Amino acid sequence: QVQLVESGGGPVQAGGSLRLSCVVSGVTFSRYAMGWFRQASGKEREFVAARSGRGGMTYYADSVKGRFTISRDNVKNTVYLQMNSLKPEDTAVYYCAAAWTGLPRNSDEYDYWGQGTQVTVSS
């Protein structure tokens with residue numbers, strides 16, 4: 001059974017930082033590209049960042065480039081999202097996802113999803 005479990009969300013003031021974690025089980029973690037997506041209330045889910053299985057390639061949404069960093073530990077089967085200089089518009093439920101092929105930015109191309117963790121940034 002494949003499981004992705006996010007943690008690390010919560011309330012934070014604008015300008016602050018949070019680090020999200022996502023622990024993956026039930027798959028060979030290093031063979032999967034990992035992505036982070038977010039969905040704000042009343043909006044569609046959007047791509048945030050992705051990192052390849054061996055960690056050599058990354059993609060970021062323009063809205064988070066320079067502020068967020070995706071990393072992974074293939075020993076701990078964990079992917080992280082370090083979020084700095086947070087803004088109120090970063091408020092959303094954040095999801096991690098695993099993709100067997102490629103390094104997709106389209107949510108339809110991801111195979112497994114976590115349950116999400118809420119991030120709330122106050123001004």
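The values are calculated or read from the model by the stated rules, or taken from the named source; none is laboratory data. Here the structure is a predicted model, which means the values were calculated and not measured. Neighbour counts are summed over all protein chains in view; Cβ atoms, including those assigned to glycine, are modelled from backbone coordinates with ideal geometry. In case anyone asks, the SASA skips ligands and DNA or RNA and just uses the protein heavy atoms, side chains included. Shrake-Rupley method; radii C 1.70, N 1.55, O 1.52, S 1.80 Å.
Only a single item in (1) of a type outside the set (Phe, Trp, Tyr); (2) open to solvent by 30 Å² or more (accessible area, probe 1.4 Å); (3) modelled with pLDDT of 95 or more is not met by GLY56, and it is number (3). Got at least one residue in region 10-27 being farther than 12 Å from VAL119 by Cβ, open to solvent by 60 Å² or more (accessible area, probe 1.4 Å), without any contact (Cβ under 8 Å) to a residue 60 or more places away in the chain and assigned to a loop (DSSP other than H, G, I, E, B)? So far as region 10-27 goes, no, none of its residues is farther than 12 Å from VAL119 by Cβ, open to solvent by 60 Å² or more (accessible area, probe 1.4 Å), without any contact (Cβ under 8 Å) to a residue 60 or more places away in the chain and assigned to a loop (DSSP other than H, G, I, E, B). Taking the numbered list (1) out of contact with any Phe, Trp or Tyr (no Cβ under 7 Å at 6 or more places or on another chain); (2) buried (at least 17 other Cβ atoms within 10 Å of the Cβ) in turn, GLY42 passes all entries but (2).
Kindly provide the set of residues from region 54-82 that are part of a strand (DSSP E or B) and either within 19 Å of VAL24 (Cα to Cα) or touching a Ser or Thr at 6+ places or on another chain (Cβ under 6 Å) (or both), ordered by number. Show your work before the answer.
To start, the set of residues in region 54-82 that are part of a strand (DSSP E or B) comprises 58-60, 68-73, 78-82.
Across region 54-82, the qualifying residues are THR58, THR69, ILE70, SER71, ARG72, ASP73, THR78, VAL79, TYR80, LEU81, GLN82.
Which residue is nearest to the chain's Cα centre (by Cα), if the candidates are limited to region 73-98 and must be loosely packed, with under 14 Cβ neighbours inside 10 Å and of a type in the set (Asp, Glu)? Filtering first and then ranking leaves ASP73.
Say we look at region 76-92 and pick out the residues that are of a type in the set (Val, Ile, Thr) and in contact with a Phe, Trp or Tyr (Cβ under 9 Å, 6 or more places away or on another chain); which of these is nearest to SER63 (Cα to Cα)?
Initial filter on region 76-92 (of a type in the set (Val, Ile, Thr)): 78-79, 91.
So of that shortlist, the ones also in contact with a Phe, Trp or Tyr (Cβ under 9 Å, 6 or more places away or on another chain) come out as 78-79.
Working: THR78: 24, VAL79: 20 Å.
If we take residues in region 76-92 being of a type in the set (Val, Ile, Thr) and in contact with a Phe, Trp or Tyr (Cβ under 9 Å, 6 or more places away or on another chain), then VAL79 is nearest to SER63 (Cα to Cα).
Residues considered: ARG54, ARG31, ARG38. Of these, the only one that is under 12 Å from the mean Cα position of the chain (by Cα) and touching a residue at least 24 places away in the same chain (Cβ under 8 Å) is ARG38.
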